[in-house]
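What follows is a single structure, written as structure tokens, with notes after it.
Bear in mind these aren't lab numbers, they're just calculated from the coordinates by the rules spelled out. Bear in mind that the values here come from a model prediction, so they are computed numbers and not experimental data. Every residue, glycine among them, receives a Cβ derived from its backbone with ideal geometry; neighbour counts consider all protein chains shown.
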Amino acid sequence: MHERRRSERHLLLVGAVVLCSVWVATPAAAEHTADEQITDSTAYTLRDGEARVGLWKVEYGLLDRLDLGTYTWPWLAKIASLSGKYEWYRSESWSVANKLSVLRLDLQDWSEESEPAVFQVVPVEMGVSYRFNESWTLSVEGIYTNVSAEGSYNEDDLNGAAAVTNFQWTSTVEWRWTETLAVLLHLRSLAFQGTSGSGSSVTMPDAYTTVEVYGEAQSDVLDVEGASSATLILHWAWSTFNLRVGLGYGNWSLPGVNFVLPEKTYIPEFDLFWRW
């Protein structure tokens, strides 16, 4: 009796493995096609009417080459965000696009007792992608990010990082290993990071004196000369579900705001989203 039950369990296990193998290997479930390209860190956009909903952002293909979206995680911290990406050139091998994002935080949205300060992050990106063949693609991006701060705040509490600007280069090599799995090597380097000159703080030493300071903050967080990172990413894509996992090392660039940290560390990569 025990042997019979054991055999039945073995058959069920083998059947489950076979079903999973068939499901994973089904060609109809593949998303890595010529029509559906990876849009992260590339010049590609969603198709007309296509939606992307995931862990980190939501996007919609308003037109065939125009995407509108928002980052999901900043809203949890009451940071409003909006982005637009336009693929203004497309050929059989080349694609070129620009992306503009705006993130805005009003400290008084957190608490009415907070200082009246408003922070705004504006990344401007230009990406170029070249398809060598069906398996290999190279994408290069230039990213300029300006962070401005206006109002009354304590620069010491913000470590002098309230108003900064930086410019970064990224390059991504994509190899489509299978119809459902792509392997990507993402490289990032910082060309410049410093005070933007567009920040102002207001302090009142006494009841009769007001002092306003513009873009004079200095901090060790700006000392990131030679900052760079490299990340290896696995991107699985099925009929609608996408999964990205990876690990890198170097100076971490905070997603969305693109602020580069001075210390090198391990950089995890994880995202899941649906496209339809």
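What distance in nm lies between label points placed 7 Å from Cα along the C-beta direction at Y89 and L247? Label-label distance for Y89 and L247, simple model: 3.9 nm.
Charge tally around R244: other residues with Cβ under 11 Å, Lys/Arg +1 each, Asp/Glu -1 each, net -3.
Hey, which of these cross-link pairs are over 24 Å Cα-Cα: K57/K85; K57/K99; K57/K264? Don't skip to the end; give the middle numbers.
Working: K57/K85 13 Å; K57/K99 14 Å; K57/K264 26 Å.
Over 24 Å apart, Cα to Cα: K57/K264.
What does the charge count around T172 come to, taking other residues whose C-beta lies under 14 Å from its C-beta (Lys +1, Arg +1, Asp -1, Glu -1)? Intermediate results must be reported in sequence, preceding the final value.
Working: positive: R131, R176, R188, R244; negative: D40, E125, E141, E174, E269.
Neighbour charge sum, excluding T172 itself: -1.
As a calculated quantity, the FRET efficiency between V128 and D48 at R0 = 30 Å, using C-beta atoms, amounts to about 0.85.
What is the gain in length, in nm to one decimal, between F270 and S135 on full extension, counting 0.36 nm per residue of separation less the C-alpha to C-alpha distance? Intermediate values should be presented prior to the final figure.
Details: separation 135, 0.36 × 135 = 48.60 nm, distance 2.29 nm.
The span from F270 to S135 would gain 46.3 nm if fully extended.
Using the Cβ of L185 as centre and a radius below 12 Å, the other residues enclosed give a net charge of -1, where K and R count +1 and D and E count -1.
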